[in-house]
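Asks: First, the structure itself, so that you have it in front of you.
The values are calculated or read from the model by the stated rules, or taken from the named source; none is laboratory data. Predicted model, so just to flag it, every value in this text is computed and none were measured. In this analysis, Cβ positions are derived from the backbone assuming ideal geometry, glycine residues included, and neighbour counts consider all displayed protein chains.
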Amino acid sequence: MKPIAGFFVIAALFAQDPPKAPVLNASISGIVRDKFTGRPLAGYVVSTTVSSVPAANIASRDVKMTTDESGRYKLADLPAATYTITANNSRSFGSEVSKRIALNGHDLEDINFDITVEGVIKGRILDDNKEPVPGITVMLISREYYLGQPGYFLEGASRPTNDRGEYTVERVAAGKTWYLMAELRRHNLPAHSETPLNSRLRRRVPMRTWYPNSPAKEGAAPIILRPGEVRDRIDIEMKKSANFCASGNLLTPVGGPGELDFNIEGQQPSSGSREGGGMYMSSGYGRTGADGEFRICDLSPGSYRIEASQNKGDFLFGAAIVNIGDEDVRGLKVTAFTTQPLAGEVVLDGPVPVTPLATKVSLALQPLLRSHRQGEGPNGARVAIPDTFTIPNTIIDDYGLRTTVNGPGLYVKDVQWNGIGIFHQTLRMSTSAAGTGLRVVIGQDGGTIAVAVNTKDGNPAPAIKTVAFPAEIISEGILAATMVTGQTDQSGAWTTPTLAPGRYYVGAFDANIDYTTDFIGRLWRSRSRFTEVDLNPGGTPSAILEPQQLAP
């Protein structure tokens, strides 16, 4: 009997499935090249991030490589996963190009990046006598949507003009509508300007001037560059205006004057955040005496933001908008307040599951018109669902609130500030409602839309831009605020993030996605060309698309 028993044991061992071979890490390689000439591009950084997977003993890490003289790169030792690979010029801060790549234990070659090389704009700043104007900064500006509203945003700047009035603006994206604005940006300012009290004795001052010679942005001429183009002789005739002053007092929270720092900067455009980024430049800076008095001159007509702050002891901050017309502005009072805790709650729409959700909501406050200040809090929190939270040391100011959640069926359904919906809008803090009132509502019946993009002959279309947005939207601004975008992987596939139930337009096209009013307008006019998809609660519908030409 023992041999028979042994036979059965041996047979059982042979009947078992063979051990699975471990999934090997793999590599992604290719060439970065000029999209229009095919020339290889050296010095481009190609990078991705390996996400942490504790169960598989995989730690989070960044993987990157700079292309060689042949434009080649190779990202090695990548676990099986879906990656976003980006390529950008290591010698500049220009726009990056990305691809979504699904990697599953096999090396992928020929994952190539075709780059639209940026251009350069050059010219001179001249006065009305055709004489050069030194010390002038030229701003590169785009007109875009942010938080549902159109505006003008800084995206680049030149160094101050030399004695010949010459300027150069580099890293100008090709094919995009740009505007140029010349401005004299002052830095160190006295608290009490020596500009004469009698306006008739004041010298005229350079004012913001839009290319080619307009003091108003409505009179600006657009500029569009070809890939790699160097556009020369873009001269701007600098305008001058009467010299105006703004005077008043900086105040502490108790209402009395104090020795405070101040900054002043013209608005629209100005330093600040925009969709997907921001740009911050140094502005006019000074400090008052103990009386808090200030008199700032050499101002041309326009809108300005004055900030008051204190960085020693208790941190204080306040801001006010000042509009200069055809006369001086007197009696201004700008109060710098202490920071306040911002309290709120994250709630679930519907019943709370018996088993607590492992997913957390990420909240991030983005100041709209300034950079993060030393002395304010972290401007963010990670919050359980449901739970209360407090963001400490929050400055009384205007913010964009970014809320993200990543879990099955979960999505941000609404955001309320003191009972008023502000989802995709500005959060305006005030001293009367600084501490409480933020409520984030998380829906749990969301779904996703799986998209397959094919060419006309039925082959998968990789690296095609994709978009999905609610079909019931009523304006371009809401489209810009609510759309989700992506790019197909090498098999032509893309899946949306979790979306609220409803009807959606889903489209695919071979064009760069941005938030300019030009692009959003084309997208709005193209929606009839897209595919309508019904997303039921918890649904996972699919759509097969062909790349479409966007409307002009």
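Asks: Only strands (runs of 3 or more DSSP E) wholly contained in segment 409-490 count here; list those with 2 or more residues that are touching an Asp or Glu at 6+ places or on another chain (Cβ under 6 Å). Quick ask: steps written out before the conclusion?
Replies: Working: elements: 411-417, 426-428, 438-443, 450-453, 465-470, 484-487.
Output list reads 426-428, 438-443.
Asks: Right, another one. Kindly evaluate Val32 against the criterion of being of a type outside the set (Phe, Trp, Tyr), in a loop (DSSP other than H, G, I, E, B) and either within 20 Å of Asn104 (Cβ to Cβ) or modelled with pLDDT of 95 or more (or both).
Replies: Taking the combined requirement at face value, the residue does not satisfy it.
Asks: Keeping to segment 317-365, report how many residues are within 27 Å of Tyr280 (Cβ to Cβ), modelled with pLDDT under 95, surrounded by fewer than 19 Cβ atoms within 10 Å (Cβ to Cβ) and polar (S, T, N, Q).
Replies: Total meeting the criteria: 1.
Asks: List pairs: first residue in segment 320-333 and touching a residue at least 60 places away in the same chain (Cβ under 8 Å) and assigned by TED's automatic domain parsing to the domain that holds Cys245, second residue assigned to a loop (DSSP other than H, G, I, E, B) and among the aliphatic types (A, V, I, L, M) anywhere in the structure, Cβ distance under 8 angstrom, at least six positions apart or on different chains.
Replies: Asp326/Ala242
Asks: Checking Pro134 against (1) surrounded by fewer than 19 Cβ atoms within 10 Å (Cβ to Cβ); (2) of a type outside the set (Gly, Ala, Ser); (3) touching a Phe, Trp or Tyr at 6+ places or on another chain (Cβ under 9 Å), only one condition comes out false. Which one?
Replies: (3)
Asks: Say whether the condition of being of a type in the set (Asp, Glu), closer than 29 Å to Thr168 by Cβ and over 24 Å from the mean Cα position of the chain (by Cα) is met by at least one residue in segment 273-285. Spell out how you get there, then give the answer.
Replies: Start the filter on segment 273-285 by keeping residues that are of a type in the set (Asp, Glu), which leaves 275.
Right, trim to closer than 29 Å to Thr168 by Cβ and you get 275.
Right, trim to over 24 Å from the mean Cα position of the chain (by Cα) and you get none.
Looking through segment 273-285, none of the residues is of a type in the set (Asp, Glu), closer than 29 Å to Thr168 by Cβ and over 24 Å from the mean Cα position of the chain (by Cα).
Asks: Does segment 403-410 contain at least one residue that is crowded, with 21+ Cβ neighbours inside 10 Å and at pLDDT 95 or above? Let's see the steps before the verdict.
Replies: Kept after step one, since they are crowded, with 21+ Cβ neighbours inside 10 Å, are these residues of segment 403-410: 405.
This time we only want the ones that are at pLDDT 95 or above, so: 405.
Within segment 403-410, one or more residues are crowded, with 21+ Cβ neighbours inside 10 Å and at pLDDT 95 or above.
Asks: I'd like to check something: does segment 499-517 contain any residue that is assigned to a strand (DSSP E or B) and over 30 Å from Ala102 (Cβ atoms)?
Replies: Scanning segment 499-517 turns up at least one residue that is assigned to a strand (DSSP E or B) and over 30 Å from Ala102 (Cβ atoms).
Asks: Which residue pairs have Cβ atoms under 6 Å apart, sit 6 or more places apart or on different chains, and have a first residue in segment 386-411 that is more than 24 Å from Leu147 (Cβ to Cβ) and a second that is β-branched (Val, Ile, Thr)?
Replies: Note: pairs meeting the criteria are Pro386/Val346; Pro386/Val347; Asp387/Val346; Gly407/Thr359.
Asks: Could you grab me the full set of residues in segment 333-370 that are touching a strand residue (DSSP E or B) at 6+ places or on another chain (Cβ under 8 Å) and among the hydroxyl-bearing types (Ser, Thr, Tyr)?
Replies: Passing the criteria: Thr335, Thr338, Thr339, Thr359, Ser362.
Asks: Among the numbered criteria (1) free of Cβ contacts under 8 Å to residues at least 24 places away in the same chain; (2) in contact with a Ser or Thr (Cβ under 8 Å, 6 or more places away or on another chain); (3) not charged (D, E, K, R), which single criterion is violated by Asn57?
Replies: (2)
Asks: So, in segment 336-388, exactly how many residues are among the small types (Gly, Ala, Ser) and in a strand (DSSP E or B)? Spell out how you get there, then give the answer.
Replies: At the first step, the residues of segment 336-388 found to be among the small types (Gly, Ala, Ser) are 336, 343-344, 350, 358, 362, 364, 371, 375, 377, 380-381, 384.
Then keep just the ones that are in a strand (DSSP E or B); that gives 343-344, 362, 364, 380-381, 384.
Final tally of qualifying residues: 7.
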